[in-house]
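The values are calculated or read from the model by the stated rules, or taken from the named source; none is laboratory data. Since the structure is predicted, the reported quantities are computational estimates derived from the model, not experimental observations. Reconstructed Cβ throughout: ideal geometry from the backbone, glycine too, with neighbour counts over all protein chains shown.
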Amino acid sequence: MLKIHDYIQKSSMPKYTLLLIFILQTSLCFGQVNTKSTSENVALQRQPLIFNQNTTFPQIHTNLNGMVREFVRSMYQDKKGNYWFGTNGNGIIRYNGQTLETVPIEGIHPHERVTSIIEDHDGNIWFGTSAGLIKYDGVKFRTFSFKEGLLGEDPEIWGLTIDKNGLFWVGSIGGVSHFDGEKFKPFSLPNSLVENRQHMMSDKLVFKILEDKAGTIWLTTDGNGIFKYKNGVFTHLTTKNGLTDNNTHALLEDKQGNIWISSFYGGASKFDGTTFTNFTKDGIIQGIETGGFYEDSKGNIWFTAENIGVYKYDGTKFTLYTTKDGLTTNNVLSIFEDNKGQMWFGTWQGLCIFDGDKFVDARDKEPWTN
């Protein structure tokens, strides 16, 4: 187990929350799964179901049959229909339509964090994790880390995207890299810094990376605002030129081309290419720490507000959903829409699905999650 200080430096959750987690963890005994691999490259193995595993938070909604001890940080459904769940401390979980199973990976501790999941044009699934970049080609898993040139002394990846040319952009604790499928190549950001920079984890960390419709790359940093990059030219966005907070996190480009920006201390804002609109500062929404932006198939923008709940923006107004609407907690970590049009939410107290009116336990809609 990490020391409290180390864990705080590695997480995007509020520091008072992290301290609570560690107090709870030290008083609980957690079950572990024996994950032997039969292949050097990593074979997917069917795991025994883990019943009655102790959890950090009371799991009122499903915790995937006891496989999730804390919470689900990332969710994805691939082109074949498989559901993938990236957890905070319990590695990767998959449902292939028949079996719900943990995914053991050779040489990787089973209690790694999974911060992002994406799929390339060839159907390979990629995971940004606290152990580096992991690839699943449909048969085996392979890990890319320091040996392949990942920057820094810590392999944890937070930002991961594939641009229109098929080039991987990777944001890790050690900085930004390009990845060609085999090796990492450092990508340097400008040396410009904001005044009195307050980074939480690393002065080199890039949290999220987005390519917009115009081909511009956006990179949110740990306390140093946002960098835009196109054709060799950088633009630095900070509070001095309209950004609401230099501690930025999540990004989303909506169907209209607006860039939505979440932050740790400035709430949620939108950039239309010219002007920043700060919904939190203007009193339209609540919550200074926001994240998890997701645009659903109907064009609604969903995002979380720490300790406040979940917001939905329908293009005209914001609707706030809280425990009064079926959430077991107003702390939500991840949002995802499956190919049925169901909206999933990963909370501190399990997984739920929005039925169009209220939030219900995911097991009520998808019994395989039980």
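Details
- Flag if residue 294 is hydroxyl-bearing (Ser, Thr, Tyr), closer than 22 Å to residue 115 by Cα and assigned to a strand (DSSP E or B): yes
- Among residues of segment 66-87 that are touching a residue at least 12 places away in the same chain (Cβ under 8 Å), those with a beta-carbon under 8 Å from a residue that is among the small types (Gly, Ala, Ser) and assigned to a loop (DSSP other than H, G, I, E, B) at least six positions away or on a different chain give the pairs 66/31; 69/89; 70/89; 78/123; 79/123; 80/123; 81/97; 82/97.
- Test: residue in segment 356-363 that is surrounded by fewer than 23 Cβ atoms within 10 Å (Cβ to Cβ) and assigned to a helix (DSSP H, G or I): yes
- Residue list for segment 89-128, filter: more than 14 Å from residue 76 (Cα to Cα), assigned to a strand (DSSP E or B) and of a type outside the set (A, V, I, L, M): 101, 102, 113
- Residue ID - surrounded by the fewest Cβ atoms within 10 Å (Cβ to Cβ), chosen from residues in segment 284-314 that are under 11 Å from residue 262 (Cα atoms) and not aromatic (Phe, Trp, Tyr): 288
- The set of residues in segment 259-283 that are polar (S, T, N, Q), assigned to a loop (DSSP other than H, G, I, E, B) and crowded, with 20+ Cβ neighbours inside 10 Å contains only 280.
- Test: residue in segment 178-199 that is at pLDDT 95 or above, among the β-branched types (Val, Ile, Thr), under 27 Å from residue 274 (Cβ atoms) and more than 23 Å from the chain's Cα centre (by Cα): no
- Which listed residue, of 166, 132, is of a type in the set (Gly, Ala, Ser), out of contact with any strand residue (DSSP E or B) (no Cβ under 9 Å at 6 or more places or on another chain) and under 21 Å from residue 187 (Cβ atoms): 166
- Residues being more than 18 Å from the chain's Cα centre (by Cα), aliphatic (A, V, I, L, M), crowded, with 16+ Cβ neighbours inside 10 Å and over 18 Å from residue 193 (Cβ atoms) - total across segment 212-254: 1
- Within segment 61-88, being part of a loop (DSSP other than H, G, I, E, B) and not charged (D, E, K, R) holds for 61, 63, 64, 65, 66, 67, 68, 71, 81, 82.
- Some residue of segment 163-170 being without any contact (Cβ under 8 Å) to a residue 60 or more places away in the chain, loosely packed, with under 14 Cβ neighbours inside 10 Å and at positive phi: yes
- Residue among 128, 152 that alone is under 19 Å from residue 208 (Cα atoms), in contact (Cβ under 8 Å) with a residue 24 or more places away in the chain and surrounded by fewer than 22 Cβ atoms within 10 Å (Cβ to Cβ): 152
- With respect to the stated conditions, residue 173 is closer than 17 Å to residue 134 by Cβ and either at pLDDT below 95 or loosely packed, with under 12 Cβ neighbours inside 10 Å (or both).
- A single entry from 320, 351 fulfils the requirement of being surrounded by fewer than 20 Cβ atoms within 10 Å (Cβ to Cβ), of a type in the set (A, V, I, L, M) and part of a strand (DSSP E or B): 320.
- Selection within segment 129-167 - among the polar types (S, T, N, Q) and either outside any loop (DSSP other than H, G, I, E, B) or in contact with a Cys (Cβ under 7 Å, 6 or more places away or on another chain) (or both): 129, 143, 161
Each row is one residue, and each column tells you yes or no for (1) without any contact (Cβ under 8 Å) to a residue 60 or more places away in the chain; (2) over 16 Å from the mean Cα position of the chain (by Cα).
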| residue | (1), (2) |
| --- | --- |
| 295 | yes, no |
| 298 | yes, yes |
| 305 | yes, no |
| 311 | yes, yes |
| 317 | yes, yes |
| 336 | no, no |
| 342 | yes, yes |
| 345 | yes, no |
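Residues checked against (1) closer than 24 Å to residue 83 by Cα; (2) in contact with a Phe, Trp or Tyr (Cβ under 8 Å, 6 or more places away or on another chain); (3) of a type in the set (A, V, I, L, M):
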residue	(1), (2), (3)
258	no, yes, no
262	no, yes, no
284	no, yes, yes
292	yes, yes, no
341	yes, no, no
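- Residue in segment 246-253 that is more than 23 Å from residue 201 (Cα to Cα), without any contact (Cβ under 8 Å) to a residue 40 or more places away in the chain and not β-branched (Val, Ile, Thr) present: no
- Within segment 68-104, the residues that satisfy the criterion of being modelled with pLDDT of 95 or more and of a type in the set (A, V, I, L, M) are 68, 72, 75, 92, 93, 100.
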